[in-house]
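The values are calculated or read from the model by the stated rules, or taken from the named source; none is laboratory data. Source: prediction; values computed, not measured. When we count neighbours, we look across all protein chains shown, and the Cβ atoms used for this are built from the backbone with ideal geometry, even at glycine.
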Amino acid sequence: MKKILLIAIALVLGASAVQAQKYAIVDSEYILRKMPKYKSAQEQVDKASAQYQKEVDDTYKDVDDMYRTYQAEKVLLTDDMKRKREETIIDKEKAAKELQRKYFGPDGALFKKREELLKPVQDQLYNAIKDVAAEGGYAVIFDSANNPSLIYISPRYDKSDDVLKRLGL
């Protein structure tokens, strides 16, 4: 009997200690599209990307032009001249690949530019979400942007506009 009473008391105390957790949803893409700093930063990243891509494309075009010229003149060249031209073309192609890696690789210029320009905006967004969570007493805030596992979201739980207000937008 004492064991049952102790178990019952423990369950009551344990149940009262567990409180319902509040949660909310935000759409970070929606919020970012409303932030002028993000738009400006994204435009700069896009401009840099286009510039880098043009430079890479021009280098590959040079390789292609060199190869076409080589193919047209190949019958007139000695074996030594053919070998030198082939080496030149291969070197130019390697340089083009290296340039592409330099700009678009994992630690490339575009990645660094994106981080330099967009990270402060993303940090500002994160801090605003954190503040909204603290003010509202939310244990978890989910991001519905690009999240295929969230099938339906009640607008009642969407706090995206609250985050925009927190950001002063």
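A few comments on the model shown:
- Taken over the range 146-169, the criterion of being surrounded by fewer than 14 Cβ atoms within 10 Å (Cβ to Cβ) and under 21 Å from the mean Cα position of the chain (by Cα) is satisfied by ASN146, ASN147, PRO148, SER149, LEU150.
- ASP107 being assigned to a helix (DSSP H, G or I) and either in contact with a strand residue (DSSP E or B) (Cβ under 7 Å, 6 or more places away or on another chain) or of a type in the set (Asp, Glu) (or both): no
Quick grid of which residues meet (1) of a type outside the set (S, T, N, Q); (2) farther than 20 Å from ASP46 by Cβ:
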position: LYS112; (1), (2): yes, no
position: VAL121; (1), (2): yes, no
position: ASN127; (1), (2): no, yes
position: GLY136; (1), (2): yes, yes
position: PRO148; (1), (2): yes, yes
position: SER154; (1), (2): no, yes
position: TYR157; (1), (2): yes, yes
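- Residue match in the range 133-155 (condition: in contact with a strand residue (DSSP E or B) (Cβ under 6 Å, 6 or more places away or on another chain), part of a loop (DSSP other than H, G, I, E, B), of a type in the set (Gly, Ala, Ser) and touching a residue at least 12 places away in the same chain (Cβ under 8 Å)): yes
- Any chance ASP123 is free of Cβ contacts under 8 Å to residues at least 60 places away in the same chain, under 18 Å from the mean Cα position of the chain (by Cα) and assigned to a helix (DSSP H, G or I): yes
- Top-ranked residue of the range 108-141 - restricted to ones that are among the aliphatic types (A, V, I, L, M) and farther than 18 Å from VAL26 by Cβ, ranked as surrounded by the fewest Cβ atoms within 10 Å (Cβ to Cβ): ALA109
- Any hit, the range 18-34, residues being surrounded by 11 or more Cβ atoms within 10 Å (Cβ to Cβ), modelled with pLDDT of 90 or more and in a loop (DSSP other than H, G, I, E, B): yes
- For ILE89: the one exception among (1) in contact (Cβ under 8 Å) with a residue 24 or more places away in the chain; (2) closer than 30 Å to LYS113 by Cβ: (2)
- Within the range 110-132, tally of residues that are out of contact with any strand residue (DSSP E or B) (no Cβ under 7 Å at 6 or more places or on another chain) and farther than 25 Å from ALA48 by Cα: 6
- Residue in the range 90-105 that is within 30 Å of VAL56 (Cα to Cα), exposed (fewer than 13 other Cβ atoms within 10 Å of the Cβ) and modelled with pLDDT under 95 present: yes
- Of everything listed in (1) without any contact (Cβ under 8 Å) to a residue 60 or more places away in the chain; (2) within 30 Å of VAL26 (Cβ to Cβ); (3) not charged (D, E, K, R), the single unmet condition for THR69 is (2).
- Cβ-Cβ contacts under 9 Å between residues 6 or more apart (or on different chains), taken from a first residue in the range 41-63 that is within 12 Å of GLN100 (Cβ to Cβ) and modelled with pLDDT of 95 or more to a second residue that is outside any helix (DSSP H, G or I) and not hydroxyl-bearing (Ser, Thr, Tyr), are listed as TYR52/GLY108.
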